[in-house]
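Okay, so here's the structure we're looking at.
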Amino acid sequence: MERFKDSLGILNEEQFERIKHARILLVGLGGLGGYIANGLVRLGVERFTLVDYDRFETSNLNRQLFSTPGNVGEKKADVLRQAMKEIYPDVSIEVHDGDLASLDDAPVQNADLIIDATDHVATKLDIERLGAEFEKPVLHGGIGGWYGQLGIITPGEKLISALYGDNEKGVEETLKCPTFAPAVIGNLMVVEALKFLAGMKHALINRVLFVDLLTHDYDILFDTE
Amino acid sequence: MVKVIFYSYLKDLYGRTVEVQHEPGLTVGDIVERIGISRQKALTVLLEKQALGRQAMDVEVEPDSTIHILPPAGGG
């Protein structure tokens with residue numbers, strides 16, 4: 001427990017056990033996914049299914065936590081699995097080296113939380129549908145330029161669909177992705193995952209937090225409460 | 001009056017908040033055109049804090065309403 005003692009100031013024993021035994025389905029292991037994986041494993045989450053078929057590229061070096069010049073060309077899922085095991089050897093990690101459509105039902109059925117850390121709007125919508133089909137909550141996140149948004153969507157609530165509408169891409173198409181964006185939004189997603197999994201109050205459930213790092217405006221919208 | 005709140009890069013273009021004079025039958029599409037935005041532009045629109053969906057531009061707005069207009073971020 002020594003490794004977790006500095007997290008226990010905000011968690012009681014029961015909450016810590018809930019986090020420890022939670023099962024995470026993390027889709028997308030790039031900018032957001034790297035910070036989310038890092039944060040959750042350091043919090044003590046022990047069970048992950050990682051989904052990403054992509055490989056690290058040179059252009060990832062500006063922002064993706066586990067990207068280094070030495071692993072350009074390597075599969076993100078393999079790199080993250082090894083890195084997470086080094087951080088916390090007790091962690092159990094399954095890897096799906098394919099797209100979401102080819103994922104078996106079991107990791108979805110077993111998940112306590114599905115995390116959308118993908119960079120395609122179409123895949124984000126697929127994740128929302130997956131959550132509805134298997135009655136699983138989805139922690140959504142998106143980034144672009146100075147901006148980002150995140151929130152937890154309960155099964156049947158179509159907030160991701162409402163958010164994107166007919167848009168196939170968001171602001172990232174023109175504003176790209178600076179170094180800090182996945183770090184800030186990814187770690188905010190870790191915060192929400194923690195609150196949700198531990199059964200805490202104030203999680204962003206069916207609400208979406210919009211973050212503007214240029215002006216430091218933080219707004220909660222899509223509030224269905 | 002109807003208050004329009006902009007998010008993301010739209011704040012730089014139109015300001016954080018704009019007020020539009022209400023009139024009977026005023027729609028979201030009317031409002032965005034008065035501000036100088038094409039109603040064909042793909043944006044996410046919320047009335048109060050509820051998303052309006054694909055038919056947003058056709059929705060009539062009551063006096064003293066607040067609409068939020070934002071372009072979402074889709075990167076990861």
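Here A:ALA181 meets each of (1) at the interface with chain B (Cβ under 9 Å from one of its Cβ atoms); (2) part of a strand (DSSP E or B) with one exception, condition (2). Only one of the numbered conditions (1) within 21 Å of A:VAL108 (Cα to Cα); (2) surrounded by fewer than 24 Cβ atoms within 10 Å (Cβ to Cβ) is not met by A:LEU65, and that is (1). Of the residues A:ILE143, A:ILE152, the single one that is assigned to a strand (DSSP E or B), touching a helix residue (DSSP H, G or I) at 6+ places or on another chain (Cβ under 8 Å), β-branched (Val, Ile, Thr) and away from chain B (no Cβ under 12 Å) is A:ILE152.
The set of residues from the range B:13-34 being in contact (Cβ under 8 Å) with a residue 12 or more places away in the chain and more than 30 Å from A:HIS216 (Cβ to Cβ) comprises B:GLN21, B:HIS22, B:GLY25, B:LEU26, B:THR27, B:GLY29. Pick from A:LEU204, A:LEU197, A:LEU221: which is farther than 20 Å from A:ARG63 by Cβ, facing chain B (nearest Cβ under 9 Å) and among the hydrophobic types (A, V, I, L, M, F, W, C)? Being farther than 20 Å from A:ARG63 by Cβ, facing chain B (nearest Cβ under 9 Å) and among the hydrophobic types (A, V, I, L, M, F, W, C) holds for just one of A:LEU204, A:LEU197, A:LEU221, which is A:LEU221. Just checking, does the range A:172-181 include any residue being out of contact with any strand residue (DSSP E or B) (no Cβ under 9 Å at 6 or more places or on another chain), surrounded by fewer than 23 Cβ atoms within 10 Å (Cβ to Cβ) and aromatic (Phe, Trp, Tyr)? Within the range A:172-181 (the criterion being out of contact with any strand residue (DSSP E or B) (no Cβ under 9 Å at 6 or more places or on another chain), surrounded by fewer than 23 Cβ atoms within 10 Å (Cβ to Cβ) and aromatic (Phe, Trp, Tyr)), the answer is yes, since at least one residue qualifies.
Only one residue in A:LEU125, A:LEU163, A:LEU113, A:LEU175 is away from chain B (no Cβ under 12 Å) and out of contact with any Cys (no Cβ under 9 Å at 6 or more places or on another chain). Which one? So that I can check it myself, show each step before the final result.
On the way: A:LEU125 fails: away from chain B (no Cβ under 12 Å); A:LEU163 fails: away from chain B (no Cβ under 12 Å); A:LEU175 fails: away from chain B (no Cβ under 12 Å).
Of the residues listed, the single one that is away from chain B (no Cβ under 12 Å) and out of contact with any Cys (no Cβ under 9 Å at 6 or more places or on another chain) is A:LEU113.
Out of A:ASP78, A:ASP97, A:ASP126, which single residue is surrounded by fewer than 23 Cβ atoms within 10 Å (Cβ to Cβ) and at pLDDT below 95? Spell out the reasoning first.
On the way: A:ASP78 fails: at pLDDT below 95; A:ASP126 fails: at pLDDT below 95.
Testing whether each residue is surrounded by fewer than 23 Cβ atoms within 10 Å (Cβ to Cβ) and at pLDDT below 95 leaves just A:ASP97.
Considering B:GLN55, B:GLN21, the condition of being within 11 Å of another protein chain (Cβ to nearest Cβ), at negative phi and not acidic (Asp, Glu) is satisfied by B:GLN55 alone. When A:ASP104, A:ASP90 are checked against the criterion of being farther than 21 Å from A:ARG3 by Cα and surrounded by fewer than 19 Cβ atoms within 10 Å (Cβ to Cβ), a single residue qualifies: A:ASP104. For the range A:4-59, which residues satisfy the criterion of being more than 17 Å from the chain's Cα centre (by Cα) and closer than 22 Å to A:ALA183 by Cα? Once the filter is applied, which keeps residues that are more than 17 Å from the chain's Cα centre (by Cα) and closer than 22 Å to A:ALA183 by Cα, the range A:4-59 yields A:PHE4, A:ASP6, A:SER7, A:ILE10, A:ARG55, A:PHE56, A:GLU57, A:THR58, A:SER59. Could you grab me the full set of residues in the range B:12-30 that are within 10 Å of B:GLU60 (Cα to Cα), hydrophobic (A, V, I, L, M, F, W, C) and assigned to a helix (DSSP H, G or I)? The answer is B:VAL28, and nothing else. Residue count for the range A:172-187, restricted to those that are touching a residue at least 40 places away in the same chain (Cβ under 8 Å) and farther than 16 Å from A:LEU214 by Cα: 2.
The values are calculated or read from the model by the stated rules, or taken from the named source; none is laboratory data. All values reported here derive from a predicted model rather than from experimental measurement. With ideal geometry, Cβ positions are generated from the backbone for all residues, glycine too; neighbour counts draw on all protein chains shown.
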